[in-house]
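Following: one structure in structure tokens, then a few remarks.
Values quoted throughout were computed directly from the atomic coordinates according to the rules given, and no laboratory measurement underlies them. The model shown is predicted, which means the values in this text are computed figures rather than measured ones. For neighbour counting, all protein chains shown are included, and Cβ atoms are generated from backbone atoms with ideal geometry for every residue, glycine included.
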Amino acid sequence: MPHNPACLSIGQYAVPNRLFVAPMAGVTDRPFRQLCRQFGAGYAVSEMVTSRPDLWHTLKTSRRADHTGEPGPIAVQIAGTDPPMMAEAAAYNIDRGAQIIDINMGCPAKKVCNKWAGSALMRDQALALSIVDAVVAVCAPRKVPVTLKMRTGWCDASRNAVTLARAAESAGVAMITVHGRTREQGYRGAAEYETIAAVKAAVTVPVVANGDITSPAKARAVLAATGADALMIGRAAQGAPWIFREIAHYLDTGETLAPPLVAEVRRALLAHLQAHYGLYGEYSGVRSARKHIGWYVRQWPGGDVLRQHINTVDEAPAQWQAVSDYFDQLADRFDRLPAPGPDGLADAAADNSVEHAS
Ligand SMILES: Cc1cc2nc3c(=O)[nH]c(=O)nc-3n(C[C@H](O)[C@H](O)[C@H](O)COP(=O)(O)O)c2cc1C
């Protein structure tokens, strides 16, 4: 499929291109989503929000539901196992600005709402569909499209993505994203794309392919293998949000875009840090920014030294200055970012999968 930027819609919302940033809890907060959009992502789903009303007023959930200044459509992902609670969560988020509600049936985390939720729902199709029905019932009258993010199935012997996708489409779901792994796989092994292709062939709503898209060439291969309407990129965007424009350029022209200018990355990362401190405050912000800084610099000269130093710094101005100084030194040596090794991004994805195997 050619990369046609102009013709994907989710319900009534036109999306500017077919490259989406994946929802990643603890990563794709508003500052990071905005950064990815700035570098060419056409669509971003928020980190999942619990369906438990008693947690909606926690700092964590209210930060996740903060969409100030974010371009639309605002898509909020909800997770849970109880259909009425999921419906209530959808209504609550719509009242706070959500324009699209995404149901999480893709996350392998064991404990969502103290129960098996996320991709565990793929094992209980009747419950999964009750959730879809309940959420669509509150969203449809408000003209809010409902989307679904799932895996290929519960386990190797039960790849029910096609059956579930068909049923979800009949129930009114407007787009389906499939991560090419089973629940049982977690993040192990390689994503497979045959099941995503089968889902694409089985439904008429847009289908988004996800899993292990780590380079422009891989993006093209996944589009060819699945016929998907869009691609969703998660771990490969950590520390490299410009991957979206690199993929877009490659899909459009067949040519590899030059790595970004060091000066541009410096500006973007320092602005990201400011936005990050703004959302989390200094104490939490400095600590949670460490992982982003580590992801950025892991593949560049001197990155390890900066990473070690950053772990000892507890104040925002000092952290910001250390990053700024690092980039000044990098700019003395390079105009553009040194290209990562052939497996650089793939290795990075593998590293992170271990962290998230919760
Ligand atoms: C740190 C982390 C957090 C994640 N959180 C969520 C989440 O909140 N909701 C969800 O549907 N998937 C979540 N995922 C799964 C991703 O959206 C995506 O499906 C998965 O990482 C595969 O794509 P990738 O190979 O491009 O990373 C998370 C993944 C990671 C690594």
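One table, with the values for the structure above:
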item	result
Unit charges at the beta carbon, dipole of the range 10-161: most positive-side option, Ala79, Ser62, Gly40	Gly40
Under the Debye formula (equal points on every Cα, no solvent term), log10 I(q)/I(0) of the chain at q = 0.06 Å⁻¹	-0.21
The chain: most fluctuating residue of Arg188, Arg166, Arg18 per GNM, C-alpha cutoff 10 Å	Arg188
Only Lys, Arg (+1) and Asp, Glu (-1) charged, at Cβ; the chain dipole about Cα centre in debye	480 debye
Relative contact order (%) - criterion: Cα under 8 Å, at least six apart; region: the chain	14 percent
Gaussian network model of the chain, Cα within-10 Å springs - most flexible of Met85, Met48, Met175	Met85
Neighbourhood charge, 14 Å Cβ-Cβ cut-off, centred on Ala161 and excluding it, Lys, Arg +1 and Asp, Glu -1	+3
Normalised contact order of the range 166-219, rounded percent, pairs of Cα under 8 Å and 6 or more residues apart	44 percent
Extension gain (nm, one decimal) between Phe334 and Gln321, 0.36 nm per residue minus Cα-Cα	2.7 nm
Packing-based exposure ordering (other Cβ within 10 Å, fewest first) of Asp82, Asp252, Asp328	Asp328, Asp252, Asp82
Fewest-first ranking of Val297, Val162, using other Cβ atoms within 10 Å as the exposure measure	Val162, Val297
Lys, Arg +1 and Asp, Glu -1 on Cβ, resulting dipole of the range 117-269 about Cα centre, debye, nearest 20	320 debye
Contact order normalised by residue count of the range 231-347, Cα under 8 Å, 6+ apart, percent	33 percent
Alpha-carbon centroids, the range 138-193 and the range 270-285: separation in whole Å	34 Å
Relative packing of 238-246, 127-135, 68-76, which averages over residues the other C-beta atoms within 10 Å, highest first	238-246, 127-135, 68-76
Theoretical gain in end-to-end length, Asp133 to Ala225 [0.36 nm per residue, Cα-Cα removed]	30.0 nm
Sequence of His57, His276 once ranked by neighbouring C-beta atoms within 10 Å, starting from the fewest	His57, His276
Positive-end residue, the chain charge dipole about Cα centroid, Cβ charges, pick of Ala263, Ala198, Leu8	Ala198
Beta bridges by DSSP in the chain, antiparallel share as percent, to the nearest 5	15 percent
